[in-house]
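Only one structure is covered here, and it is reproduced in the block below.
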Amino acid sequence: MKMVVIADDFTGANDTGVQLAKKGARIDVLLSDQHKPARGCDVLVINTESRALTPDDARQKVLTALHPFCGNADQPVVYKKIDSTFRGNVGAEIEAAMQASGAQLALVAAAIPAAGRTTFQGQCRVFDVPLAETEYASDPKTPILSSHIRTLIEAQTRIPVYELDLAVVRSGKLVERLAALGHQERGIVVIDAVQESDLALLAQSLPHLTTSLLLVGAAGFANALPAESYLSDRQRLPVLVVAGSMSEVTRQQITFAQQEDLLGIVDIDVEVMLLEDATHACQLIAGRAIAMLKTRRHCALRTCRDSDERRRIEQLCETMQLSRQQLGDRISQALGEITLRIITHTQIGGLFLTGGDIAIAVARALGAEGYRINAEVAPCIPCGTFINSEIDDLPVITKAGGFGCQTTLRDALYFIEEMYSGK
């Protein structure tokens with residue numbers, strides 16, 4: 001995730017998010033800061049629903065929403081989405097976002113020229129009418145008291161507010177002026193823009209600034225941002241294969257894929273995994289898989305290397321005094337827990353699950369509420385997604401142990417790889 005957008009209402013979250021989505025970014029909008037962010041998104045948009053709250057409550061909402069994402073080495077870009085007509089707690093929320101993100105400068109560019117919203121001489125204008133003379137001034141929930149943006153912001157913060165007029169924006173010295181302000185104390189900079197090209201000039205200046213920034217605006221500024229500021233590089237992520245089936249067909253499929261040099265294998269000693277205290281053994285198994293996946297190599301967890309492994313099952317049942325069903329349940333549960341540990345500690349591009357007991361155990365371990373079928377990889381072998389699971393909407397291929405031919409696993413890996421290359 002490269003960017004977090006903090007919006008104060010739902011429609012505003014969406015109209016800003018769509019500016020980034022139409023350029024290819026995956027945008028996930030959360031309706032509350034209490035909801036868990038999805039994996040794999042480029043931009044996370046959080047609606048704090050704070051426009052009509054008191055300034056103190058709005059400030060706290062923003063701090064809470066940003067807390068999980070700020071203060072670490074890989075902190076994403078923070079974009080504080082505000083209303084283009086400055087309704088709500090703009091000053092308080094900018095201040096809170098600066099505090100949470102550690103920004104030295106907040107760049108405020110609320111203009112949406114395509115919608116008639118512009119900033120000229122520090123004033124917000126709607127189709128060239130000063131804001132205080134429009135219907136927004138008498139908004140029933142959040143009335144506007146001034147057209148002067150600096151006045152509106154200063155009403156809710158003690159952070160100094162500066163203005164850069166249109167002449168500066170178009171002078172070719174915008175980077176120089178912003179850099180100079182960045183060397184002073186923390187500040188909020190209101191920037192004029194009356195055309196899309198003005199917002200583009202501001203956006204083009206961002207890569208040249210070394211000061212830590214908070215971006216503040218509406219849909220217009222978001223639309224002007226360079227794609228590299230929020231769009232993650234697409235990369236092929238590895239597939240985790242969980243092969244709990246002891247079918248000879250499945251064993252041949254894994255062997256064939258290995259011979260094609262498509263994946264690495266982590267062999268699992270089922271007996272060790274079923275010991276009364278097998279936590280350490282399962283951690284070691286997961287650790288080996290995690291290390292392999294981090295090299296971007298597909299990885300298979302294999303419980304059956306040869307026919308001898310299948311013959312050991314009866315012996316294990318007698319030793320552990322378990323029925324075949326009970327033994328299968330224990331193996332499946334352990335594999336589900338190992339899979340959860342693996343996907344918690346590394347990124348994967350999808351799952352290939354073979355064996356019905358294994359597939360349902362993994363689904364339960366990942367908290368899935370269901371399985372949404374999207375396509376058929378091979379006859380009777382679907383590809384879909386787990387509904388509301390820990391892996392969000394990553395592809396999941398399920399296969400009965402005895403289904404498929406020798407090339408099925410290879411073809412499934414190619415299928416998922418092509419899904420990524422098509423993004």
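Here are some residues: GLN347, GLN333, GLN406, GLN325. Which one is more than 20 Å from CYS299 (Cα to Cα) and surrounded by fewer than 18 Cβ atoms within 10 Å (Cβ to Cβ)?
Details: GLN347 fails: more than 20 Å from CYS299 (Cα to Cα); GLN333 fails: more than 20 Å from CYS299 (Cα to Cα); GLN406 fails: more than 20 Å from CYS299 (Cα to Cα).
Criteria check complete, one pass: GLN325.
When we screen LYS81, LYS61 for residues that are within 25 Å of SER205 (Cβ to Cβ) and either under 19 Å from the mean Cα position of the chain (by Cα) or assigned by the TED database to the domain that holds PHE10 (or both), the only hit is LYS81. Among the residues of the stretch 186-213, those identified as more than 29 Å from the chain's Cα centre (by Cα), closer than 13 Å to ALA224 by Cα and either not in a strand (DSSP E or B) or not aliphatic (A, V, I, L, M) (or both) are GLN195, SER197, ASP198.
Considering the stretch 126-143, and only residues there that are more than 35 Å from the chain's Cα centre (by Cα) and open to solvent by less than 60 Å² (accessible area, probe 1.4 Å), the residue that is modelled with the lowest pLDDT turns out to be ALA137.
When MET246 is tested against (1) in contact (Cβ under 8 Å) with a residue 60 or more places away in the chain; (2) not in a helix (DSSP H, G or I); (3) not assigned by the TED database to the domain that holds THR354, exactly one condition is not met: (3).
Would it be correct to say that ALA114 is of a type in the set (A, V, I, L, M, F, W, C), open to solvent by 40 Å² or more (accessible area, probe 1.4 Å) and without any contact (Cβ under 8 Å) to a residue 12 or more places away in the chain? No: the conditions fail for ALA114. Listed conditions (1) at pLDDT below 90; (2) in contact with a Gly (Cβ under 9 Å, 6 or more places away or on another chain); (3) in a helix (DSSP H, G or I); (4) open to solvent by 20 Å² or more (accessible area, probe 1.4 Å) are all met by LEU340, apart from (1). The set of residues from the stretch 227-242 being at pLDDT below 90 and out of contact with any Gly (no Cβ under 7 Å at 6 or more places or on another chain) comprises ALA227, GLU228, SER229, TYR230, SER232, ASP233, ARG234, GLN235. For the stretch 259-297, the set of residues classified as in a loop (DSSP other than H, G, I, E, B) and within 26 Å of THR407 (Cα to Cα) consists of GLU260, ASP261, LEU262, ILE268, ASP269, LYS294, THR295, ARG296, ARG297, listed by residue number. Going by the structure shown, is ILE285 assigned by the TED database to the domain that holds GLY404 and buried (at least 21 other Cβ atoms within 10 Å of the Cβ)? For ILE285, the condition - assigned by the TED database to the domain that holds GLY404 and buried (at least 21 other Cβ atoms within 10 Å of the Cβ) - is met. Yes or no: the stretch 125-148 includes at least one residue that is touching a residue at least 24 places away in the same chain (Cβ under 8 Å) and within 19 Å of LEU214 (Cα to Cα). No: zero hits. Only one entry in ALA109, ALA103 is in contact with an Asp or Glu (Cβ under 9 Å, 6 or more places away or on another chain), in contact (Cβ under 8 Å) with a residue 40 or more places away in the chain and open to solvent by less than 10 Å² (accessible area, probe 1.4 Å), namely ALA109. Name the pairs whose Cβ atoms lie under 6 Å apart, with the first residue in the stretch 390-417 and among the charged types (D, E, K, R), the second part of a helix (DSSP H, G or I), and 6 or more positions between them or separate chains? Every condition considered, the pairs that remain are ARG410/ALA257.
If you go through the stretch 361-371 and keep only what is exposed (fewer than 13 other Cβ atoms within 10 Å of the Cβ) and of a type in the set (D, E, K, R), you end up with just GLU369.
Filtered by the rule that a residue be touching a helix residue (DSSP H, G or I) at 6+ places or on another chain (Cβ under 8 Å) and either surrounded by fewer than 16 Cβ atoms within 10 Å (Cβ to Cβ) or without any contact (Cβ under 8 Å) to a residue 60 or more places away in the chain (or both), the stretch 159-178 gives VAL161, TYR162, GLU163, LEU164, LEU166, VAL168, VAL169, ARG170, LEU174, VAL175, ARG177. The number of residues in the stretch 372-393 that are within 16 Å of THR344 (Cα to Cα) and open to solvent by 30 Å² or more (accessible area, probe 1.4 Å) comes to 4. Being over 20 Å from LEU152 (Cα atoms) and among the charged types (D, E, K, R) is a condition met by at least one residue of the stretch 63-78.
The values are calculated or read from the model by the stated rules, or taken from the named source; none is laboratory data. Note that the coordinates shown come from a computational prediction; the quantities given were computed from them, not determined experimentally. We place every Cβ from the backbone using ideal geometry, glycine too, and count neighbours over all the protein chains shown. Ligands, DNA and RNA are stripped out before the accessible areas are found, and what is left, the full protein with its side chains, is counted by its heavy atoms. Shrake-Rupley method; radii C 1.70, N 1.55, O 1.52, S 1.80 Å.
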